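Data block below; observations after.
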Amino acid sequence: MRLAFAIVLIGCHYFLGLKFVPVYYGNYSFKDYVDDETKRASYSTASSADSIRDEVFKKAQELDIP
């Protein structure tokens with residue numbers, strides 16, 4: 001009985017890991033990109049808000065973020 005419960009518990013953890021880890025990784029990647037983009041834009045005077053928005057939107061599309 002304990003072995004079956006342990007196998008089911010491990011299977012549940014594995015399934016949840018497959019569901020949630022890619023979401024958190026995508027969020028982390030996007031947040032890191034936005035932070036870098038804002039730092040880069042703060043040092044550049046040639047960047048406009050529209051160009052920054054377009055770059056961030058492109059990155060969101062690459063990462064399949066709605």
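The values are calculated or read from the model by the stated rules, or taken from the named source; none is laboratory data. All values reported here derive from a predicted model rather than from experimental measurement. Note that we place each Cβ from the backbone using ideal geometry, even for glycine, and neighbour counts take in every protein chain shown. Heavy atoms of the whole protein, side chains included, go into the accessibility calculation; ligands, DNA and RNA do not. Shrake-Rupley method; radii C 1.70, N 1.55, O 1.52, S 1.80 Å.
Evaluated with a Cβ-only charge set (Lys, Arg +1; Asp, Glu -1), the range 2-66 carries a dipole of roughly 380 debye about its Cα centre, given to the nearest 20. Please report the carbon-and-sulfur percent of the accessible area for the chain; probe 1.4 Å, protein heavy atoms only, DNA, RNA and ligands left out. Carbon and sulfur: 65 percent of the exposed surface of the chain.
The residues of the chain present an accessible area of 90 Å² per residue when probed at 1.4 Å with all protein chains retained.
Considering every alpha-carbon pair of the chain, the percent of pairs per 10 Å bin, from zero through the bin containing the longest distance, is 18, 32, 20, 14, 10, 5, 1. Of all lysines in the structure, the ones whose alpha carbon falls short of 23 Å from that of Lys58, not counting any fewer than 8 places away in one chain, are Lys31, Lys39.
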